[in-house]
Amino acid sequence: MERKEIIKYTALSVDSISKVVQSGQQKLEILHDISFKLERGKSMAVVGPSGCGKSTLLNIIAGLDVPTDGDVFWNGENISELDEEKRANLRNGRLGFVFQDFHLIDHLTVLENVMLPLEITFGRGVRKTAEKQLETVGLMDRINHMPKTLSGGEKQRVALARAFSTEPQFIFADEPTGSLDSANGDVIEELLFKLNATNKTTLVIVTHDKDLASRCDSILKLRAGRMYS
């Protein structure tokens, strides 16, 4: 009973997850017995060397992949027991993603890129919401521009506006400053935490950036798929 009560009031709860994949005749353990809890509005950085399982962990807790063993709970609901269609429906409007390489759609304008998740979630009448998000990240003068005309820092600001546009419960960021120079990385870092505080979003960041990780409420360290302190 006590464990269920803890899960019920925790935004994100990861319970003893492991991930094993088949590689030829061998089974490779990518993650081993990972557990943590994150309250609503809190932030956590996932750090560790390349190949240690950080992105795999992020994909599992975001419902893009499933663990071989263990469970992932969003607000007390076990998403690991759902099929892909149900997980996709659950993700819609509840999650925002920020990637190292931006993932903007080249043939859509800046405004259209931010409007896209809003239209999927809410339908029409979302232009003002998208414009408000772009104003927050300082890009109202670029709303009709195409992504190819933007700098890397501007592209990531568009990606932030898009991620937060639906006021999601969770933001998952994979190396959000990894492809940026120091100055632009600092701008993105400030905006990410400002938006997160305003929206009271639960934030998980995979990063190699020690300064970015140090700003999070907690840090999960991975080495060869295992947690360490």
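The values are calculated or read from the model by the stated rules, or taken from the named source; none is laboratory data. None of these values were measured; they are calculated from a predicted model. Reconstructed Cβ throughout: ideal geometry from the backbone, glycine too, with neighbour counts over all protein chains shown. Only protein heavy atoms, including side chains, enter the accessible area calculation; ligands, DNA and RNA are left aside. Shrake-Rupley method; radii C 1.70, N 1.55, O 1.52, S 1.80 Å.
Taking every residue in the stretch 130-152 that is open to solvent by 70 Å² or more (accessible area, probe 1.4 Å) and pairing it with any residue that is at pLDDT 95 or above, at least 6 positions away or on another chain, the pairs with Cβ-Cβ distances below 6 Å are MET140/LEU134; ASN144/THR109. Could you tell me whether the stretch 185-201 includes any residue that is within 22 Å of ASP106 (Cβ to Cβ) and not hydrophobic (A, V, I, L, M, F, W, C)? Scanning the stretch 185-201 turns up no residue that is within 22 Å of ASP106 (Cβ to Cβ) and not hydrophobic (A, V, I, L, M, F, W, C).
From the set of residues in the stretch 69-110 that are among the acidic types (Asp, Glu) and out of contact with any Asp or Glu (no Cβ under 8 Å at 6 or more places or on another chain), which is nearest to THR201 (Cα to Cα)? Selected residue: GLU77. For the stretch 155-175, a residue qualifies if it is under 21 Å from ARG142 (Cα atoms) and open to solvent by less than 20 Å² (accessible area, probe 1.4 Å), and the qualifying residues are GLN156, VAL158, ALA159, LEU160, ALA161, ALA163, PHE164, SER165, THR166.
Got a sec? Which of VAL110, VAL114 is in contact with a Pro (Cβ under 9 Å, 6 or more places away or on another chain), over 25 Å from ASP65 (Cβ atoms) and modelled with pLDDT of 95 or more?
Working: VAL114 fails: in contact with a Pro (Cβ under 9 Å, 6 or more places away or on another chain).
The unique qualifying residue is VAL110.
Just name the residue that is farthest from ARG157 (Cα to Cα) out of those in the stretch 215-229 that are touching a residue at least 24 places away in the same chain (Cβ under 8 Å), open to solvent by 60 Å² or more (accessible area, probe 1.4 Å) and not in a strand (DSSP E or B). Applying the filter and picking the extreme gives ALA224. Applying the criterion of being on the phi > 0 side of the Ramachandran plot and not in a strand (DSSP E or B) to the residues of the stretch 50-77, the residue that is surrounded by the fewest Cβ atoms within 10 Å (Cβ to Cβ) is GLY51.
As a summary of the residue check, THR166 satisfies the conditions (1) in contact with a helix residue (DSSP H, G or I) (Cβ under 6 Å, 6 or more places away or on another chain); (2) modelled with pLDDT of 95 or more; (3) not in a helix (DSSP H, G or I) except for the one numbered (2).
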